[in-house]
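What follows is calculated from the coordinates using simple rules that are stated; it is not laboratory data. Owing to the predicted nature of the structure, the values given are computational and were not obtained by experimental measurement. Counting neighbours? That spans all protein chains shown, and the Cβs are built from the backbone with ideal geometry, glycine included.
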């Protein structure tokens, strides 16, 4: 059977103008392409400022893409006007990073969760709206009594579950999770991740899961894409990336994962990535990573490597291979 | 001693052998919120009333409202009723007891008869005036009495021709707050003036809330060209001085309350529009607004359920500053003669009228000024309290 793709991103580019300088632009997302299979979880990782969130926000069309195509369930939504996006909004929802900022402080939890139902006029009556809201509250482990409360009365984990409930109440097919756990306590992260996984089993949801924490992404994802300075440098199956990382940047990221066993930690090679991420306004020529790469060759400074398949769906953009 | 201490230990220490043992945890207690649940209105009211100043301001406004709306039904005089005999009578008389009656000498050297309770009886007619001695002879109940103005304070002479030095202070029972320079009741005029001020307050509040908030939020939310054009309109309106604007309107309409209200109503929202725009510009980039957009909510939903409620704090602060300033503006325009025409009264025209007799009858300026102060206080306190009450983050 042919694979069905829920989300296809083709050569997506997003530039932001720099205020005060008409010619300079921030190269937030540079020629990114990937596909997410139906019912699978695609993890997108990379350090802060590499364009993960911009990529997510462009896909869900908070931002207008500069170039490239976004195809959701076979439909190209890249350049649709706001009015025509209603269908996309039903299919695709987003969970935000900061559970404190993403919930309106002036609304009760009931109204927050009911908002998508009202926006898409899914429920026929007030009563039906309430029923679905209460149903959703049950599923995320909150009680009916919480419905009349305001968001600020809840803890971070509870709020993020409210965010999950809001995103999932209209039963979307694909959910973009923009670092849904990075603002939470470690003790609560598992709670939210497990909740997301439960929904995946139950409804066959597709996720685009963004994180900077590789250890959590490994637990969650089926496939992982590594981003650096607006570009995808490596894509492969989740298990493969931990066993055979190819790109030097991926190796560096993996080396940065703390090891919870002191004996093993002492044997660990010190992280090989040094320095800071270069400015996305004027990214370095050639391979964007060559300024920090321990294996950089002369060609890396001149020619931009392309994403090539190394066999078994393992793609990497590096001159070493 | 030890025995006694052990007996006084609380029960739980005896029941639990290990004081460090963990208490049982269940899902219910973990998810429980410990604050009390209330409805929105109940919540706002609870927070509003828990602050003394806001309740105090609220009471002040209610009192002024009652004073302005219900007061005239209990007043003896209407705001335009004149009595030229009783001009500039103060709230408290310096009454001189002479020949069995009480007399009050006005600043224009007229002598008024008062009864013992303080009611004004009438003007005492003068018969002759001795300019050298500075004495006036008046006829009173068939006899004659003499008023002496040779030295201050002016007083009456008794039968022996001696000055009566002692005087009694009696409250004015006819005009409780005195009368103005045309013999009109200050109390009745204050009531009427308060009505005008409150009307102006309501008009200013409505135009600010409707036009100002909508204009500002639409301008900010749409952004780009729309924003630029709408804000230039605000700039243009803002450059025309309000005084000039009122004069221009009065060319078309007559001078009076209508033109003031029209002027305030059409241009008084520009400050509010600016404040709201600034607030919404920062709010619209916040995550919860982006979230609402990804949820598929309409522009109206985003504006009215997300942006404007969250901008309510600055809106109310601006409103509480703009209402008093609108009241002030009306008073000012009336004061310089662009507002109400006589015999209508507003607090501003009353202040203006009082200027002529400021030295002899300061109460005529003091009373309307006090009422303006009370109104300002009331609105400021209420606005302050409302802003806090509408912010659910301050919930106790």
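Counting other Cβ atoms within 10 Å as a rough exposure proxy, the listed residues B:357, B:89 run B:357, B:89 from fewest neighbours to most.
Measuring max minus min along each principal axis, the C-alpha atoms of the range A:53-92 give extents of 21, 16, 16 Å (largest first). Highest mean packing first, where packing is the average number of other Cβ atoms within 10 Å per residue, the peptides B:99-110, B:259-270, B:331-342 line up as B:259-270, B:331-342, B:99-110. Dividing the Cα radius of gyration of the range B:142-212 by its Kirkwood radius returns 1.38 for Rg/Rh. Specify the residue with the greatest mean-square fluctuation among B:374, B:146, B:61, computed from a Gaussian network of chain B linking alpha-carbon atoms under 10 Å apart. Comparing B:374, B:146, B:61 in the GNM, the peak value goes to B:146.
Its convex hull of Cα atoms gives the protein assembly as shown a direction-averaged projected area, equal to a quarter of the hull surface, of 55.2 nm².
Principal-axis analysis of the Cα atoms of chain A puts helix A:186-203 at an angle of about 70° to the longest axis.
Counting only other chain Cβ atoms within 10 Å of each residue's Cβ, the peptide B:299-312 averages 2. Seen from a random direction on average, the alpha-carbon convex hull of chain B projects onto 37.8 square nanometres. With respect to chain B, whose longest principal axis is taken over its alpha-carbon atoms, helix B:213-222 is tilted by about 30°.
Label-to-label distance, residue A:194 versus residue B:164, with points set 7 angstrom from Cα along the beta-carbon direction: 9.8 nm. Ordering B:297, A:124 by the number of other Cβ atoms within 10 Å of each residue's own Cβ, fewest first, gives A:124, B:297. Any idea what diffusion coefficient the range B:92-171 gets from Stokes-Einstein, in µm²/s, Kirkwood Rh on alpha carbon pairs, 20 °C, 1.002 mPa s? For the chosen part, D equals 171 µm²/s. When chain B is treated as a GNM with alpha-carbon contacts under 10 Å, the residue of B:225, B:186, B:350 showing the greatest mean-square fluctuation is B:225. Of the residues A:283, A:298, A:245, which exhibits the maximal mean-square fluctuation in a Gaussian network model of chain A defined by a 10 Å Cα contact cut-off? Per the Cα network of chain A with a 10 Å cutoff, A:298 tops the list.
Tilt of helix B:312-335 relative to the longest C-alpha principal axis of chain B, in degrees (0 to 90, nearest 10)? Around 20 degrees separate the two axes. Each part reduced to its alpha carbon centroid, the range A:73-92 and the range B:59-110 end up 75 Å apart. Return the percentage of antiparallel bridges among DSSP beta bridges fully within chain A, rounded to the nearest 5 %. For chain A, the DSSP antiparallel bridge percentage is about 60. Taking the number of Cβ atoms within 10 Å of each Cβ as an exposure proxy, the fewest-first ranking of A:187, A:143 is A:187, A:143. Here chain A was treated as a single set of alpha-carbon atoms; its pair distances binned every 20 Å from 0 give 30, 56, 14, 0 percent.
Building the convex hull from the alpha-carbon atoms of the range A:1-149 and averaging its projection over directions returns 12.3 nm². Across the range B:278-334, Cα-Cα pairs farther apart than 16 Å form 53% of the total.
At an R0 of 41 angstrom, the distance between the Cβ atoms of residue B:80 and residue B:232 translates into a FRET efficiency of 0.35. Largest first and in whole Å, the equivalent-ellipsoid semi-axes of the range B:186-394 read 38, 20, 11, each the square root of five times a Cα gyration tensor eigenvalue.
Per residue of peptide A:153-166, the mean number of Cβ atoms on other chains within 10 Å of the residue Cβ is 2. Taking the Cα centroid of the range A:208-237 and of the range B:165-213, what is the distance between the two, rounded to the nearest whole Å? When both Cα centres are located, 73 Å separates them.
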